[in-house]
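Visitor: What follows is a structure written as structure tokens; I'll ask about it next.
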Amino acid sequence: MVKEKEKNPYEINDKVYKRFKQKNNMLFRRLWDKSLSTYHQMIDTNIEKHIESKKDGYSRIDFALVAAGWTVYERFPYAFTWERKDLMDIGYGVNWMKSKYIIENSKSFTNYIKRAAKFYGASLVGVANVNAKWIYKTGFKRPDQTSEAEAKKEVRGGKAANSMYDQPINLPNGINKAIVMAIEMDQDAISTAPAQPAAAASAIAYSKMAFIISCLGEFIRNLGYRAIQCGNDTALSIPLAIDAGLGALGRNGLLLTPELGPRVRICKVFTDMPLISDDPNQEFIAKVNNYCKNCSKCAEACETNAITKEEDPTFKPATISNNPGVKKYYVDVEKCFEYWIENSSDCGNCIAACPFSKIVKYLTPNEFWSKI
Ligand code: SF4
Ligand code: SF4
């Protein structure tokens, strides 16, 4: 039976919908699914071939820009922490951090949290109630206070056992709010998609998210509450962002925001703070639903036909990497990932092509590098 509630931005078939297993995400599936042409391949597969090709946007300088963009995301061991193990005195004392800050007015306090999120670097921020549907059933859990690079060494080397990325994910009791943040990706760099500066825009947004969630998580803990800092892990970011009023789901399978379209990356901090949740932006959701029906610029820009050109969304998933039970435009992420391997990076064509990204001028990679 398909439910359609007035205030619900999704059409969900509760008989079909199940919490997502992160092992079905292509970055993990390539490790265990032998039926894939991308089995055991990673985006480094073709890098040297690209560098030798001397193609604009694929030089050693371009790849150096991308790889370095990931530095904070990959190397900072506190980025995706679920709790503060040791109260470390960094010169400000610690006693005042131990009790719970008394929140007298949840509404104005929520504004403090949003202000802090923006201050630390979020472009957009909203608050959602935690909907258990969006929490992964199983997934990759980093050992606490371990950097992404260190935690995923085995996974990236292709040696990881299933159990590493198929662990039960359960938020602790009392964690019932998600502070969801979107981080802008550089317009000039994205406009060069699928060349490497576009991938660098994505990389640097991930590093910014590691910085932002670390600072926001500590800010929350300094006030005596719990914070679980997440990137793409732990829960599906797009429905959380929609619940938090940040935007709508587009044909390209991405969050479209009114301000920046899909030119964002998403992160979230779960907390037990008594925050006031935002409502989904129904007006924008209706606008995107109508717009995507008659626009297929993202689908036309996709080199591998991973994005459907069908007029209407459907309940039929394209691959097992899609989570069925929600009516939407399903993206064939197997095809998408094949192109990522070929391109030696994420591609971004479907972001650059979307009118909601508001790209004023499309640059070549050479023009991107000339703009100082
Ligand atoms: S990222 Fe590239 S390959 Fe993947 S769906 Fe978008 S346009 Fe297609
Ligand atoms: S390019 Fe067009 S169809 Fe694709 S997500 Fe953007 S608005 Fe929707």
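Visitor: Determine whether F211 is under 18 Å from the mean Cα position of the chain (by Cα), assigned to a helix (DSSP H, G or I) and over 19 Å from F356 (Cβ atoms).
Guide: When the stated conditions are applied, F211 passes them.
Visitor: Looking at N290, N305, N232 in this structure, which one is under 23 Å from D166 (Cα atoms) and either under 19 Å from the mean Cα position of the chain (by Cα) or surrounded by fewer than 20 Cβ atoms within 10 Å (Cβ to Cβ) (or both)?
Guide: One residue alone meets the criteria, N232.
Visitor: Within the stretch 201-221, is there a residue that is in contact with a Phe, Trp or Tyr (Cβ under 7 Å, 6 or more places away or on another chain), within 16 Å of ligand 1 (Cβ to nearest atom) and over 26 Å from R19 (Cα atoms)?
Guide: Among the residues of the stretch 201-221, at least one is in contact with a Phe, Trp or Tyr (Cβ under 7 Å, 6 or more places away or on another chain), within 16 Å of ligand 1 (Cβ to nearest atom) and over 26 Å from R19 (Cα atoms), which makes the answer yes.
Visitor: Look through the stretch 177-194, keep the residues that are under 19 Å from G245 (Cα atoms) and among the small types (G, A, S), and return whichever of them is farthest from ligand 2 (Cβ to nearest atom).
Guide: Taking the candidates together, the pick is A178.
Visitor: In the stretch 196-233, how many are among the β-branched types (V, I, T) and closer than 14 Å to K177 by Cβ?
Guide: Final tally of qualifying residues: 2.
Visitor: Does the stretch 350-372 contain at least one residue that is surrounded by fewer than 23 Cβ atoms within 10 Å (Cβ to Cβ), modelled with pLDDT under 95, of a type in the set (A, V, I, L, M) and more than 16 Å from ligand 2 (Cβ to nearest atom)?
Guide: Yes, the stretch 350-372 contains at least one residue that is surrounded by fewer than 23 Cβ atoms within 10 Å (Cβ to Cβ), modelled with pLDDT under 95, of a type in the set (A, V, I, L, M) and more than 16 Å from ligand 2 (Cβ to nearest atom).
Visitor: In the list F63, F119, F109, which residue meets the criterion of being over 30 Å from I190 (Cβ atoms), part of a helix (DSSP H, G or I) and not basic (K, R)?
Guide: Selected residue: F109, the only one of F63, F119, F109 that is over 30 Å from I190 (Cβ atoms), part of a helix (DSSP H, G or I) and not basic (K, R).
Visitor: On to the next question. Answer yes or no: is there a residue in the stretch 178-197 that is outside any helix (DSSP H, G or I), more than 16 Å from ligand 1 (Cβ to nearest atom), over 13 Å from the mean Cα position of the chain (by Cα) and among the β-branched types (V, I, T).
Guide: So far as the stretch 178-197 goes, yes, one or more of its residues are outside any helix (DSSP H, G or I), more than 16 Å from ligand 1 (Cβ to nearest atom), over 13 Å from the mean Cα position of the chain (by Cα) and among the β-branched types (V, I, T).
The values are calculated or read from the model by the stated rules, or taken from the named source; none is laboratory data. Given the structure is predicted, the values throughout are model-derived calculations rather than measurements. Note that each Cβ is placed from the backbone with ideal geometry, even for glycine, and that neighbours are counted across all protein chains shown.
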